[in-house]
Every structure is written in structure tokens, then in C-alpha cells.
1. Given the conditions (1) away from ligand 2 (no atom under 16 Å from the Cβ); (2) touching a Gly at 6+ places or on another chain (Cβ under 6 Å), and given that A9 satisfies all but one, which numbered condition is not satisfied?
2. Does I4 satisfy being touching a Pro at 6+ places or on another chain (Cβ under 7 Å) and β-branched (V, I, T)?
3. Which of the residues belonging to the stretch 19-40 are open to solvent by 10 Å² or more (accessible area, probe 1.4 Å) and out of contact with any helix residue (DSSP H, G or I) (no Cβ under 7 Å at 6 or more places or on another chain)?
4. Does the stretch 150-173 hold any residues that are within 13 Å of ligand 2 (Cβ to nearest atom) and surrounded by fewer than 24 Cβ atoms within 10 Å (Cβ to Cβ), and which are they?
5. Considering each residue of the stretch 227-243, count those that are at pLDDT 95 or above, open to solvent by 40 Å² or more (accessible area, probe 1.4 Å) and closer than 18 Å to L148 by Cα, and give that number.
6. Among residues belonging to the stretch 53-77 that are within 16 Å of ligand 2 (Cβ to nearest atom) and open to solvent by 50 Å² or more (accessible area, probe 1.4 Å), point out the one that is nearest to N35 (Cα to Cα).
7. Among the residues of the stretch 78-118, what is the count of those that are in contact with a helix residue (DSSP H, G or I) (Cβ under 8 Å, 6 or more places away or on another chain), more than 16 Å from ligand 1 (Cβ to nearest atom) and either in a strand (DSSP E or B) or open to solvent by 70 Å² or more (accessible area, probe 1.4 Å) (or both)?
8. Please go through (1) part of a strand (DSSP E or B); (2) away from ligand 2 (no atom under 14 Å from the Cβ) for F129 and return the number of the only condition it doesn't satisfy.
Amino acid sequence: MLTITALPAFNDNYIWLLQNPATLACAVVDPGDANPVLQWLQHNPQWTLTDILITHHHQDHTGGISALKQATRARVYGPQQESIAGIDLPLADGQHFQLLGQSVLCLHVPGHTLGHVAYYMEGQQPALFSGDTLFMAGCGRLFEGTPLQMYQSLQRLAALPSSTRLYCTHEYSLSNLAFAIAVDPANPALLAQRARVEKLRERGDISLPGSLAEELATNPFLRCSEPAILDTLAHNNRLQGREPVAVFTALRAWKDTF
Ligand code: ZN
Ligand code: FE
């Protein structure tokens, strides 16, 4: 079993650190800054960084690649469809690879960017590294893709086993939950999730990982057929159509200015 912890970076990024205690090998996901990783390695000299996973080309996810490669010679995995300096192993949709002794599946999930990938780690405790695609109670902005692309990407992630733990790259949970409650105000799972996350944040803990089961019950972007959400959109003159993609499009546009 791997242990997974967060190395905070910038204002609200997490660089996920995966450790295999049997081999003392470790990996990081989306090192936008090399320093938190280099500092951790300095304080934990028995560990070797062997692998780096990248979800998409934005600087806050890729900025640390070259310094980490120079310091460790770790292998870098990333999306085949984006040009990112330092990628050694470009991955296509559906490709499996071994990471720290675990099988990982690469999923192409366009929307935030066109080549964005997510990493699904199979095994006893499945884990999803969703980058800037699926956040706790939210989803990434559409910088490059269309609403339909993002909708379909989120549907693919939502179809993974519901016990999957969700590791996204940003601590956006409380602001996402505020929007989610605005559009789905009577959802008891959502109110419970906000209470839980508020407590965590008040005592200085991070809100992650979440689980896909929680997201299915609370994340409005995965609940585009929910009558209560359609009602809220209608009451705010934002309902363009009742099909799920139209609901998703309206929700994403509203969240952009919320
Ligand atoms: Zn991004
Ligand atoms: Fe980001």
C-alpha cells in the first residue's frame, strides 16, 4: 500500500506525494514548484524520487519538472496531446503503466485544457489524481475545451468505483461548496459535507482527499439531472435547456462569475 500526502505549494496547490514504504521510492503529482519536493527529500534522505506525474500543461502543475529532474533523474509521465518540456513518457487515453508497484490508468479528460489527463490508481484503495478537472464539489474552468467535452470527461471520472479517493490539485473546496449550496440548497449530503470541511479547515487541516461517493451526492457538476438544481437555474433565469449538457453549461457559466 502506498501512503499519499500533500505537499502544499503556492496559495492553494497540493503536490501529491506517493510513497512506497517497501522500496523507499516515491512519486509526486503536478509539481508546479520544485522547492516543497526538494525540501521534503532533503529532510527525508532515505527516500528516492523515481517518478513524476503531470496532468496538464499549466505552469502551476509543471513549473518544478526541470529542477526535480536535475536533482533526482525521476521519470516524467504526462499527456501525449500537450507539449510539456521534460516529459519522458507521453501517455495516451487508456494506457496503463506501473507506478511504485501499482497499476495506473491514464484517462484523457479534455475541458480545462485539451490534452488534460487524470490518473486512476487501481488496487485495494483506488485513488484518482484529477488535476484541474474534478475538484471537491466543483470542476475546472473551461480554458480550452467545450462544455460538452468537460461534461463527458466528468462523466467518465464519475463512473469509476465510488470508493475511489479523490486527489485534486487545488484547495477550492469551501468556495466550491458555497456555490454548490447556492444551487442545491436543500441537499442534506451537501450541508453535511460543508460542515465537515469547515471543521477541517478551521483546525488547519486540508479538505482532501474526498471520495467519488461524496462527489456523486454533492457535486452539482455531476448532478445535472437533479430537479432541485434545474429549479434553481430556472428561478435565476439561467436554464437554457433541461438536457444534462445544457444544465452543465449553465452551471459552469454561473460559477465563472459567482
Ligand atoms: Zn490548470
Ligand atoms: Fe491549476
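1. A9 satisfies every listed condition except (1).
2. no
3. Q19, N20, P21, A22, T23, L24, A25, D33, N35, P36, Q39, W40
4. If we filter the stretch 150-173 for residues that are within 13 Å of ligand 2 (Cβ to nearest atom), which is where we start, we get 168-172.
Hits for the stretch 150-173 are H170, E171, Y172.
5. Looking only at that region, the number is 4.
6. Q59
7. The qualifying residues number 2.
8. Evaluating F129 over (1) part of a strand (DSSP E or B); (2) away from ligand 2 (no atom under 14 Å from the Cβ) leaves (2) as the failure.
The values are calculated or read from the model by the stated rules, or taken from the named source; none is laboratory data. Everything numeric in this text was worked out from a predicted model, so none of it was measured. Don't worry about glycine lacking a Cβ; one is built from the backbone with ideal geometry, like all the others, and counts go over all protein chains shown. Side chains are part of the model used for accessible areas, which takes the heavy atoms of the whole protein and leaves out ligands, DNA and RNA. Shrake-Rupley method; radii C 1.70, N 1.55, O 1.52, S 1.80 Å.
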